[in-house]
Structures are given as C-alpha cells and as structure tokens.
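Single-structure report; data block below.
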Amino acid sequence: MIRSIIFTILFFYSLGLNADVDVPEGFKLQKLEATDGSIAIPEGWYYQEGSTNSGIIWTISKEDPKEGYETGQRIQMLFGVEKGTKKSKKDFVDSFIQNKRKISKIVKDCTTTDLGMFYRTCLEVVEPPSEGGVKKEYHILYSLFWAKEMDLVVLVTFGAPEEEWAAVESIANTMTVIELIGPNLGK
C-alpha cells in the first residue's frame with residue numbers, strides 16, 4: 001500500500017503545511033528510508049527504523065533506543081486502522097486522546113485542523129509515574145494525523161522527563177517538521 005502513495009506529505013504540526021525541512025545548526029537531515037521522507041534531528045542522536053504488523057515506526061532519541069530511551073520522538077505510521085479496529089480513523093484518534101486525558105495532566109489541548117489530505121489534532125501532557133513501571137513524570141506531546149482518503153493514521157510522540165522538558169522543548173519544536181513521504185518514493 002505504501003508504494004501506491006506517490007505524493008509528498010509534509011507535516012508541520014504546529015502551523016500546518018510547509019515545503020522544506022529546515023536543518024538548523026546542531027542538527028542534521030535524517031532520511032526516513034522506508035518512505036523517502038526526511039526530518040531534522042540533533043547531531044549525535046540515534047535513529048532507528050522498523051516495521052510492525054500495522055505499519056512503519058521511526059524512533060529518534062537522545063539515548064540508544066536499543067537499550068531504551070527517555071528523550072526522543074517516535075513516529076508511527078499505521079495502515080488499515082479502520083479495517084483492523086472496526087472504528088473510523090477519527091474514532092480511533094479520539095479514543096487515544098480520551099485515554100491520555102484520563103491519566104495525564106493536560107498542558108495543551110489543540111483543536112482539530114484540516115491540513116488538506118489529512119486532519120490533525122494534538123495533546124500535550126505530563127504523564128504520571130506508572131505502577132510497577134516508569135518511576136518519573138514525562139512531558140509528552142502527542143500529535144495525531146488521519147488521512148481523509150486512505151485508511152491511515154500517523155501518531156507522532158515527542159517526550160522527555162518532566163524535569164528536562166525546558167532543555168529539549170526547542171528540539172521538539174524543530175522536529176515538528178516532518179516530510180513523511182518524499183518525492184522519490186517508488187522510483
């Protein structure tokens with residue numbers, strides 16, 4: 001299915017659509033190999049790409065993701081959401097957001113935005129420590145996109161320990177620009 005997508009989608013999930021991935025000083029351009037996309041990532045950070053039963057997943061992190069990480073961004077491209085969940089893409093996204101609202105302190109709640117081929121919503125939260133798991137609070141920005149025509153949802157998650165958020169917020173802002181599908185896909 002991914003090979004049938006021959007257009008460029010560029011998510012700038014703070015302001016809408018943008019044509020270029022800016023690479024500021026201290027960052028490098030990282031190709032999202034599976035889709036010919038790209039993103040600016042901090043120099044020295046790790047990049048990992050993989051697939052799941054439902055799609056593609058990219059992890060960009062300060063720490064080596066093979067050993068677990070605390071600060072970074074995960075991009076999940078999920079195919080067949082309606083088919084697999086028996087929910088509409090919007091209901092799937094709404095359910096995800098509602099579950100996060102129940103367990104988290106809300107920092108920012110954005111309204112749904114029409115981006116042309118996609119809709120976008122977001123939720124910025126501080127998630128509490130979990131029972132038997134994570135022992136500290138995490139500041140997390142969830143941005144969710146769902147396609148108007150295709151059975152596709154994209155979940156972008158940037159997170160860091162709450163006490164480190166101020167130091168990485170500018171990195172999170174830079175990494176909001178993602179060329180998810182590049183012009184050479186399938187060529």
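The values are calculated or read from the model by the stated rules, or taken from the named source; none is laboratory data. Small disclaimer: the values here were computed from a predicted structure and weren't measured. No Cβ is skipped: glycine too gets one built from the backbone with ideal geometry, and neighbour counts run over all protein chains shown. Accessible surface areas use protein heavy atoms only, side chains included; no ligands, DNA or RNA. Shrake-Rupley method; radii C 1.70, N 1.55, O 1.52, S 1.80 Å.
Summed over qualifying helices (DSSP H, 4 residues or more, each -39500 (n - 2.57)) and divided by its residue number, the chain shows a 222 nm mean residue ellipticity of -4500 deg cm²/dmol. Multiplying each eigenvalue of the alpha-carbon gyration tensor of region 103-176 by 5 and taking the square root yields semi-axes of 26, 14, 10 Å, largest first, rounded to whole angstroms. Taken along its three principal axes, the alpha carbon spread of region 84-134 comes to 40, 28, 14 Å, from the longest extent down to the shortest.
Compute the relative contact order of region 66-145 as a whole-number percentage, counting only Cα pairs closer than 8 Å that sit 6 or more residues apart in sequence. Answer for region 66-145 is 20 percent. Neighbours of Glu163, meaning other residues whose beta-carbon lies under 12 angstrom from its beta-carbon, give a summed charge of -3 when Lys and Arg score +1 and Asp and Glu score -1. With only the Cα atoms considered, the chain has a convex hull volume of 127 Å³ per residue.
Amide H contacts of Ile181: Ile9, each under 5 Å away and 5 or more positions distant or on a separate chain (H built 1.01 Å from N in the peptide plane; Pro and chain starts excluded).
Across the chain, Cα pairs under 8 Å and at least six residues apart give a relative contact order of 28 percent.
Mind ordering 112-119, 59-66, 135-142 by average Cβ neighbours within 10 Å, highest first? Let's see the in-between values first.
On the way: 112-119: 14.8, 59-66: 16.6, 135-142: 18.1.
Highest-to-lowest ranking by the protection proxy: 135-142, 59-66, 112-119.
Would you list the P(r) distribution for region 143-187, with all Cα-Cα distances sorted into 10 Å bins from 0 and each bin expressed as a whole %? Spelled out per bin, shortest first, that is 21, 39, 27, 13, 1.
Just the accessible area per residue of the chain, please: how many Å² with a 1.4 Å probe? The partial results should precede the final answer.
Working: 9630 Å² over 187 residues.
Counting only protein heavy atoms, the per-residue value for the chain is 51 Å².
Using only the C-alpha atoms, the convex hull of region 43-82 corresponds to 71 Å³ per residue.
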